[in-house]
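Values in this text are rule-based calculations from the coordinates and carry no lab data. Just so it is clear, the structure is predicted and the values come from calculations on it, not from any experiment. Every residue, glycine among them, receives a Cβ derived from its backbone with ideal geometry; neighbour counts consider all protein chains shown.
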Amino acid sequence: MLSEPYVVPPDAPVGGTAAEMTARELPHAVVEIPGDRYGLITDALIRQRVVARGRGPQTPASAIMDYPAPSTSIDVPVSDAVLNLLDHDSEVFLVTEPSGQIRADCRPTASWPCTRP
């Protein structure tokens with residue numbers, strides 16, 4: 001499964017972000033921080049940090065994201081990338097260019113699908 005990752009700015013409202021995640025059938029969104037840095041919002045984080053705490057849909061993505069998002073450079077061996085993912089106990093990890101720009105995101109499933117821009 002190849003498609004473009006869903007990337008939002010830090011000030012994106014969580015309500016709209018969640019709606020778009022649902023429309024794209026994605027369990028996460030990437031929050032792009034200036035300087036080729038990234039945070040991550042997942043369905044679980046929206047439940048834990050917005051719904052359960054009574055926050056509103058206008059809450060900015062940066063207020064609930066996990067930061068920094070687990071990531072690995074595209075030039076790192078796959079075995080190292082998998083260990084990185086397991087070490088972070090994450091639902092997703094980002095694959096970046098050596099320059100730091102996002103290249104793809106990968107979710108641990110039976111087939112390890114990745115999405116890329």
What list do you get for Thr96, Thr42, Thr22 if you sort them by fewest beta carbons within 10 Å?
Thr22, Thr42, Thr96
In the neighbourhood of Asp89 defined by beta carbon distances under 15 Å, the net charge of the other residues (Lys, Arg +1; Asp, Glu -1) is -2
Can you list residues from other chains, or at least 5 along the same chain, whose modelled amide H is less than 5 Å from the amide H of Ser71?
Leu94
Limiting things to C-alpha atoms, what are the Rg and the maximum Cα-Cα separation (Dmax) for the chain, in angstroms?
13.7, 42
Here the net charge surrounding Thr59, from other residues whose Cβ is less than 14 Å away from its Cβ (Lys, Arg +1; Asp, Glu -1), is +3
Expressed in nanometres to one decimal, the distance between label points 7 Å along Cα→Cβ at Val78 and Asp43 is 2.6 nm
Multiply the residue separation of Leu86 and Gln58 by 0.36 nm, subtract the distance between their alpha-carbon atoms, and state the gained length in nm to one decimal.
6.8 nm
Given charges of +1 on the Cβ of Lys and Arg and -1 on the Cβ of Asp and Glu, with all other atoms neutral, how large is the dipole of the chain about its Cα centre, in debye to the nearest 20?
400 debye
Looking at Ala104, Ser71, Ala23, which one has the Cα that reaches farthest to the positive end of the dipole of segment 7-115 (charges on Cβ: Lys, Arg +1; Asp, Glu -1)?
Ala23
Taking 0.36 nm per residue of separation between Val7 and Glu25 and subtracting their Cα-Cα distance, the length gained on full extension comes to 5.1 nm
